[in-house]
1. What's the longest bit of chain B with no exposed GluC sites (Glu not before Pro), using DSSP loop states and at most 16 other Cβ atoms within 10 Å as the test?
2. Would you mind ranking B:26, B:70 by Cβ crowding within 10 Å, fewest neighbours first?
3. Given bins 10 angstrom wide, list per bin the percent of all Cα-Cα distances in chain B, short to long.
4. For chain A, calculate the relative contact order in percent as a whole number, restricting contacts to Cα pairs under 8 Å that are 6 or more residues apart.
5. Considering amide H positions built from the backbone, and no H for Pro or chain starts, which residues 5 or more places from residue A:66, or on another chain, come under 5 Å of its amide H?
6. With N set to the residue count of the protein assembly as shown, report its C-alpha Rg divided by 2.2 N^0.38 Å to two decimal places.
7. How much net charge surrounds residue A:78 when only other residues with a Cβ under 14 Å from its Cβ are counted (Lys, Arg +1; Asp, Glu -1)?
8. Under the 0.36 nm per residue contour assumption, what length would be gained going from the current alpha-carbon distance of residue A:2 and residue A:52 to full extension?
Amino acid sequence: KAGVTQTPRYLIKTRGQQVTLSCSPISGHRSVSWYQQTPGQGLQFLFEYFSETQRNKGNFPGRFSGRQFSNSRSEMNVSTLELGDSALYLCASSSKTGEETQYFGPGTRLLVL
Amino acid sequence: SQQGEEDPQALSIQEGENATMNCSYKTSINNLQWYRQNSGRGLVHLILIRSNEREKHSGRLRVTLDTSKKSSSLLITASRAADTASYFCATRFTGGSYIPTFGRGTSLIVHP
């Protein structure tokens, strides 16, 4: 099976812009979770989608949003970018919501200037 | 914060030596997992240990869990240069939202 894929892999934006990141889960996986990883805060959970519904949400402002499509692919959007949004954004998939083992994609590295 | 915390933050050893890293957490858990991350890439799941288990093995990996001390350890035996990576523990807490939390990781360098 192909692994989790994320696009784009690298992205440079300026403050105030918005960005959309994409994640394609492993075939057959219906749960997709998003994480933000920074040197200062470590790996933090953003949200989880299952069957096109947000099931869990971390402690991030409303500028961070996501959605999931019927084919389980997911996108996350960050509006009004801030310098502190520079991070590695990781997507992980699992076969069902709350599944213990997650399979991670390579990440999208976002740099906000 | 309910985040797990790994210790040490960094570990440097020679090939063939054993590497031990620890994880502490704050509340009751359903299970604890260890992941590896190579230099800014995605995480790879290594092993899961449930709250009713005390020890688990997978190849050169040995994980222990002490729920009374709210701590876990990951032992990598006979380390190889390819084991150079960051290692994270992840927990899902009982009750409330089913949100996984990760520690800040232990950076392991294995010198050939």
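Readers should treat all values here as calculations from the given coordinates under stated rules, not as data from a laboratory. Computed from a predicted structure; not experimentally measured. As a convention, Cβ positions derive from the backbone with ideal geometry for all residues, glycine included, and neighbour counts pool all protein chains shown.
1. The longest such stretch corresponds to B:54-112.
2. Numbers: B:26 14, B:70 17.
Fewest-to-most ranking of B:26, B:70: B:26, B:70.
3. In whole percents, the pair-distance histogram is 15, 49, 29, 6, 0.
4. Relative contact order here is 37 percent.
5. A:77
6. This ratio for the protein assembly as shown stands at 1.01.
7. +2
8. The span from residue A:2 to residue A:52 would gain 15.9 nm if fully extended.
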